[in-house]
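The values are calculated or read from the model by the stated rules, or taken from the named source; none is laboratory data. Predicted, not measured: the structure shown is a model, and the values here were computed from it. Using ideal geometry, Cβ is built from the backbone for each residue, glycine included, and neighbour counts are taken over all protein chains shown.
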Amino acid sequence: QGKGKIFAIDYSAPNLAKPFGIQHLRSTAIGNSIYRIHKFLGWNCVGINYYGDYGANFGQLLAAYSLWADPEKVKVAPVAELSDLYVRFNEEMKKNSELREESRDRLVRLSAGDQEMLSLWKYFVTEGRKEAERIYQILDVEFEDYLGESHFANQLDQTINFFGNHCLVEESDGALIIRIGEEMPPCMLRTSAGTSTYHSRDLAALRYRWKRYAFDKMVYVTDVRQQLHFRQLFASLQRAGVDWVNRCVHAPFGLLSFKGEAMGTRKGNVLLLEEVLDRAIELAKNIIQEKNPDLLDKESVARQVGIGAVIFADVNNRRTRDVSFSLEEVLNFDGETGPYLQYTHARFCSIIKKSRKPLDRIGNVSRLGEQAEMRVARQLAEFPYQVDLAAAENEPSYITTYLLDLATAANKMYNELQILVPDNLELAEARVHLVDCVRSVLQTGLELIGMKAPEEM
Ligand code: ARG
């Protein structure tokens, strides 16, 4: 369906002044899956990471740094120190309103091009990006376009002119706004202090992307709290008579929380994504050690299972729902989990290895007909529809639900029927062929979610 068409997707986009917390997981995992689904359907894909490298958070970090930082300590462990500073500043700001002033002041100096602020800001951004990119490597996520918010902060005048030419810009208490009807508050382009806003930067970025990519579809993946922001964004462009804005959609997701053991070791209740992943890998290692102590390469399988379990749990819910899960739950090999799918995939891989049948020879499928086999066959035939649906609605959970159903049907067949029937070669071949189709669809499906499919576990 995507042949010759361009798909752009804005996802992940962490705020670089903040620690890479567990809340960023959803945008990253869901966005990556939507990206992979479109790619699989033949679209030309552009993954955009609109890094949060500008705005109020940086004012806070700049202020915290000048008030409390020990530059030597920061040099040794920049990410840990800077995120502690950020968290501390936010805690203290609740009690002390002068700090708010302090951070605003730094931001104004930064926008005005103050050398000291600018070089600190560059340093923070560089460290934040390094950290984010390290996490993307762990999750196996890549982007084509890394232009963050700061890139569009100096395009304010063009944006104001564009809307001004359509007579849409009004002044209100010193700020510049666009009114977009009764149902929504106006969209603010410039604050009374003369700085750009989240709206104006996003408008500049979107117009740039249209010029650069001429996309057929453009998706934004953020949490539901930004719904109004995107409605305002699209509505302002509509008012300016822009027709391509119909190609843009916001795909919001609900909030994520953790049940069970508390893992946040830092102040301020920040749960670091990496801590969660490390813990999941550790738990996966214990389970593998117990189930399959002779497995070669346990280390790398445990990584694939642990990380996959967290990704799956995140994606396996209707996007807009809030999710809450515990690591014990998501690592249960018999539950509706990622490891259950990976385990089923590995089981079917091992049947095929045992069969030693040349796989290029398609068995005589007319030999199939048992109820358990037909259930699997019907389930296989359903795959393309579910992928189309997932793309149309930007909803990866269609694929996870589908894979769980397929795995259940296939495991039922495995329990009811002997696959490698000893005295009926033709039937054995037909069944191995069916098993190979299951293996292949499970593998493809897991990849579409952003998971790995180990052959043994
Ligand atoms: N940095 C923002 C945040 O973490 C998300 C940005 C989403 N993309 C966008 N074009 N506004 O909340």
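The table that follows gives values for the structure above.
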| read-out | value |
| --- | --- |
| Considering residues of the stretch 145-161 that are crowded, with 18+ Cβ neighbours inside 10 Å and in a helix (DSSP H, G or I) only, the residue farthest from the ligand (Cβ to nearest atom) | ILE160 |
| Set SER12, SER66, SER33, SER27: member being modelled with pLDDT of 90 or more, assigned to a loop (DSSP other than H, G, I, E, B) and not hydrophobic (A, V, I, L, M, F, W, C) | SER12 |
| Selected residue [among the charged types (D, E, K, R) and more than 28 Å from LEU67 (Cα to Cα)] from ASP173, ASP105 | ASP173 |
| Index of the failed condition, ARG109 passing every other in (1) out of contact with any Ser or Thr (no Cβ under 9 Å at 6 or more places or on another chain); (2) under 26 Å from HIS24 (Cβ atoms) | (2) |
| Some residue of the stretch 197-215 being under 19 Å from ASN15 (Cα atoms), in a loop (DSSP other than H, G, I, E, B) and in contact with a Leu (Cβ under 8 Å, 6 or more places away or on another chain) | yes |
| Yes/no for ASP173 being on the phi > 0 side of the Ramachandran plot and at pLDDT 95 or above | yes |
| When residues of the stretch 46-86 are limited to those that are within 12 Å of the ligand (Cβ to nearest atom) and polar (S, T, N, Q), the one nearest to the chain's Cα centre (by Cα) | ASN49 |
| Residue tally, condition touching a residue at least 60 places away in the same chain (Cβ under 8 Å) and assigned to a loop (DSSP other than H, G, I, E, B), over the stretch 168-188 | 1 |
| Residue match in the stretch 302-321 (condition: farther than 23 Å from ASP10 by Cα and not in a helix (DSSP H, G or I)) | no |
| Test: residue in the stretch 330-346 that is part of a helix (DSSP H, G or I) and among the acidic types (Asp, Glu) | no |
| Subset of the stretch 179-209 that is more than 29 Å from GLU101 (Cβ to Cβ) and of a type outside the set (D, E, K, R) - its residue that is nearest to the ligand (Cβ to nearest atom) | ALA205 |
| Qualifying positions in the stretch 229-259 - within 13 Å of the ligand (Cβ to nearest atom) and either in contact with an Asp or Glu (Cβ under 8 Å, 6 or more places away or on another chain) or in a strand (DSSP E or B) (or both) | HIS229, LEU233, CYS248, VAL249, HIS250, ALA251, PRO252, PHE253, LEU255 |
| Contacts under 6 angstrom Cβ, first residue in the stretch 42-65 being closer than 22 Å to TRP210 by Cβ, partner more than 12 Å from the ligand (Cβ to nearest atom) and of a type in the set (D, E, K, R), 6 or more apart | GLY42/LYS3; TRP43/LYS5; CYS45/LYS39; VAL46/GLU144; GLY47/GLU144 |
| Which numbered condition GLU142 misses (of (1) assigned to a loop (DSSP other than H, G, I, E, B); (2) within 30 Å of GLN238 (Cβ to Cβ); (3) more than 16 Å from the ligand (Cβ to nearest atom)) | (2) |
| Scan of the stretch 102-147 for residues that are at pLDDT 95 or above and on the phi > 0 side of the Ramachandran plot, ordered by number | ASP140 |
| Residue within the stretch 189-197 that is farther than 21 Å from ASN246 by Cβ, free of Cβ contacts under 8 Å to residues at least 60 places away in the same chain and among the basic types (Lys, Arg) present | yes |
| Filter result for GLN226 (within 26 Å of SER111 (Cα to Cα), within 13 Å of the ligand (Cβ to nearest atom), at pLDDT 95 or above and buried (at least 18 other Cβ atoms within 10 Å of the Cβ)) | no |
| Pair list, Cβ < 8 Å and 6+ apart or interchain, from the stretch 369-382 residues that are within 10 Å of LEU406 (Cα to Cα) to residues that are in a loop (DSSP other than H, G, I, E, B) | ALA377/LEU368 |
| Test: residue in the stretch 211-220 that is at negative phi and within 9 Å of the ligand (Cβ to nearest atom) | yes |
